[in-house]
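Shown next, in structure tokens, is the structure this report addresses.
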Ligand code: V47
């Protein structure tokens, strides 16, 4: 096939090349900063020229961040895996009474927070199951206790799904619940639970969760109250390209309204030990393309994260040349993907993350949760309790 060359970039130093004619008008828009529409999103998924899609995404990524690639020193804490939802997509949740279920006593959760690497964490990432008996107060006490013990650590806690569930159980409005959370010490929110907004898909993979509109309206309220949050999309199960583009464009519309999203994280479905274990795992090019399409459609999201735990360090490293500017963090202990068959390590050190980034030809920058650069001094490597 003949290669076509389009060069709408006035600097013209790196002309865009593709053998897919459908990408040419898209490239012209991307390189002149114009927004892509639904059909162009579909064309990006349909294109056989994945390298050209990646080249375009990389041009956006470099315009925004140059060579800088972010990572953070964080610790995940999952206080309970007991969950009423029984989502088909999930290998982590357990019904109440299941011998494999666990719920941390508060002391245990605080001890867990302190365990791990000797590198001082700047973020606790806290998510868990929708427990039928644990009241909102348990979670507020958990956060309050963490803030008391680790006053400098940012607490990124509770997905929109957990916020909505805890509000319902406490018979409070979403707004009241968010305000109680803020009072207790929650600083921002992670992006989980978004899955795929399309009702047809949601009714199969997570039918007991809040629907897509409720996820978005909870995020809207959180942003209006001043919380920053992330957003995710779970792909590689029963969704199609239309569902993916719809999901991304609904996030983009909310971001136009609130500006509250920091980072988008595409999450590949891991089928092992789930009710959907007959489905195959995603392939490398699907993962890489998803990163690139996300970067191109979400023109108002500052960051795209290649979550190394989910993608594997090798694919996440390649994603740094396909639109991603963030690898996430040290994590220390991961349960959601490992229960679903992930073979990645439980955590990585700063040094290992920096090596991945440097060998991709990028410049590692340690960030805090709000993307301020972190400067380390000798004694800041000791966790202060
Ligand atoms: O919401 C659950 C997904 C999410 C499976 O905000 C699964 O910085 C694949 O949201 N296969 C939780 N995915 C993880 C998450 C996250 C991770 C890292 C960083 C951030 C952030 C957020 O994991 C769930 C769901 O979408 N998930 N089960 C599974 N079997």
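Only the coordinates and a few stated rules stand behind these numbers; no lab work does. Note that the structure is predicted; figures quoted are calculated from it, not measured. All Cβ positions, glycine included, derive from the backbone under ideal geometry; neighbour counts span all protein chains shown.
Of note:
- By the count of other C-beta atoms within 10 Å, a proxy for reagent exposure, 244, 321 are ordered fewest to most as 321, 244.
- Each of 125, 154, 208 was scored by other Cβ atoms within 10 Å of its Cβ. Listed from fewest to most, they are 208, 154, 125.
- The residues 124, 264, 197, when put in order of fewest to most other Cβ atoms within 10 Å, stand as 197, 124, 264.
- Relative contact order (%) - the chain, alpha-carbon pairs under 8 angstrom, separation at least six: 22 percent
- Set of the range 196-212 residues, backbone N closer than 20 Å to the point 7 Å along the Cα-Cβ line of residue 84: 203-212
- Additional length obtainable on full extension of the chain from residue 46 to residue 173, 0.36 nm per residue less Cα span: 41.5 nm
- The distance between label points at residue 374 and residue 108 comes to 2.7 nm (points 7 Å beyond Cα on the Cα→Cβ vector).
- Peptide packing: for 27-39, 273-285, 246-258, the average count of neighbouring Cβ atoms within 10 Å per residue gives the ranking 246-258, 27-39, 273-285, highest mean first.
- Translational diffusion of the chain was estimated from the Stokes-Einstein equation, with Rh taken as the Kirkwood radius over Cα pairs; at 25 °C and 0.890 mPa s the coefficient is 115 µm²/s.
- Centre separation in Å (Cα based) which lies between the range 66-97 and the range 246-290: 15 Å
- Rg over Rh for the range 178-226 works out to 1.05, both radii taken from alpha-carbon positions and Rh defined as the Kirkwood radius.
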